[in-house]
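Step one of this worksheet: look at the structure below.
No value in this document is a laboratory result; all are computed from the given coordinates. Just so we're clear, the structure is a prediction, and the values are computed from it rather than from any experiment. All Cβ positions, glycine included, derive from the backbone under ideal geometry; neighbour counts span all protein chains shown.
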Amino acid sequence: MIVTDAFDDDASSIRKQPLTRPEPAQHTFGDETRSLNGPAYNSSPVVPPSPSGPPPAYPGYQSINHPSSSRLPRRDSPPLRQYSPHIVTMKDLEWPSNDTAYERLWCASSQDWEVIDEGGHGAFLGQSSAVLKSPFVLPINSDLDLFLVANTGISGHLLVEEDASLTDHAELSVRVDYYEGAKGWKSLLGSEICMLSMKEIGLGVSLTSNSASNRLLDTLSFSVVLSLPPHKSSPFYIPEFIIRMPHFSIETAALSKSYNFGTFLVLTLDGEININSVAGRDVQLITTNGPVRGSLTASRTLNIVTSNARTNVDVKLLNSRDFGPTDLTLQTNNFPLIAKITLESTADTKRGGNFRVFAKTTDARLDLAFVSTPLDSALRMVAQANNGPALIQLDAAYEGEVELRMNQDGVIDVRNMTRLDPSGRGRDRKMVWDRRTSRKVAKGVVEWKPSMRIGALGSVSVTSDEEIHIRV
């Protein structure tokens, strides 16, 4: 183990709460246990798919309530929760066959399409293009959810943007590129684009097809643009915004200054997710085989899960301790997972806060940098890099236990990069190592001395098969 900058190695001053190695299938956060083999974090059950009928926004949609964060019940101690990253499958993205309460408000017909480029004049030889003559008009209401859904027979790209020409409603425009002339046009007419209302609490647009064959995916490509009115004075609250489009790439403009979402959920397969900026209470981005990029802010849960693709995000977690911890989950494999993490207290004093972070990647680098951490806050983190190095940079305000564990022989490199006391009191940063520290396991506690801390210490656990570099 490499330790630099003269950290204190007097084991006698270690606090009485020893770090305990977690069980192989579990990770312990204080009085909670997260199981890697437990149920998926989305608690709503997945309903068996059916090839007919428009989709609800997501499984269990009607059962969700939308309390604002100010009306959430106080939790003096976090409830027992299990964690297991949920990898999206085609089953998750199909719609159920139950009696979903919805109403078709309007569906596009063949007369609503206008051909704008017919045969040979498009980007590719034999490509034709058509647009809906008029956009869908969606009222923006703080009591109304928004959803955009598509079945597996529809592919393309979704852009969510702001349009300064709009004031009290959103507009959704659709362009489609189709191939093989009459065959492509027939495939287009075999699809259905409808505006739906769900139980008077949700309004959105569904794109469906009568065939989910690969042939249809080869002949049609949709470009969907949802334009939202900007809100300059203060963010406008939308209880839920659900995007469930299996074969779409998803892109949003910078929405965080104009909108605050109770729930912001993106589910896709094989699609890239690029979020310029989004803020909400619960934010989830889930895809497979597609990279995830962007800037995201959440006050309760933030989950970013993909596979076989890079994750590169800037995230901000907000917490005041009054409503339980704010959770962050990051997971991918075969590509690097890179995140800059800002922890922020919403208390009047800007101090304190309860944050939990779980990050995991396989066969690639794990790179987590904590940009800022509130004084007197409690960070509990588990980071795993299987068959890859782990690079962790903690903020100067972090105080708590540190456990570094190599699954095989490798490098454990610990460096004190902190020069100034974030409280401005001129104290010294001390790290005390346990005598049981070995080549494969390093345990200790890092604090500012003399201690003026209010509240419990945090805990950081990092595991790697190759090497660990941590800056404290």
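Taken over the stretch 414-464, the percentage of Cα pairs per 5 Å bin, counting from 0 up to the bin with the maximum distance, is 4, 15, 24, 25, 17, 9, 5, 0. Separation of the stretch 286-311 from the stretch 450-472 is 24 Å, based on Cα centroids.
The packing ranking of peptides 187-193, 294-300, highest mean first, is 294-300, 187-193, where packing means the average number of other beta carbon atoms within 10 angstrom of each residue.
Hey, quick one: spin label on Lys449, modelled 7 Å out along Cα-Cβ, who in the stretch 397-422 has an amide N within reach, i.e. under 18 Å? Counting backbone N atoms under 18 Å from the label point, the list is 397-402, 415-422. For the stretch 312-449, rounded, prolate or oblate, judged on the Cα gyration tensor with a ≥ b ≥ c (square roots of eigenvalues), a/c < 1.5 rounded, else prolate if a/b > b/c? In terms of gyration-tensor shape, oblate.
Under the classification rounded if a/c is under 1.5, otherwise prolate if a/b is larger than b/c and oblate if not, where does the stretch 244-381 fall, given a ≥ b ≥ c as square roots of the Cα gyration tensor eigenvalues? Oblate.
Are there trypsin sites (Lys or Arg not before Pro) in the stretch 436-472 that DSSP puts in a loop and that have at most 12 other Cβ atoms within 10 Å, and which ones?
Listed in order of number, the matching sites are Arg436, Arg439.
For the stretch 259-271, backbone phi angles converted through the Karplus equation (6.51, -1.76, 1.60; θ = phi - 60°) give residue-by-residue couplings of 9, 10, 9, x, 10, 10, 10, 10, 10, 8, 10, 6, x Hz, Gly and Pro being listed as x. Peptides 410-416, 326-332 ranked from most to least packed give 326-332, 410-416, packing being the mean of other C-beta atoms within 10 angstrom over each peptide's residues. The stretch between Ser277 and Asp143, if pulled fully straight at 0.36 nm per residue, gains 46.0 nm over its current Cα-Cα span.
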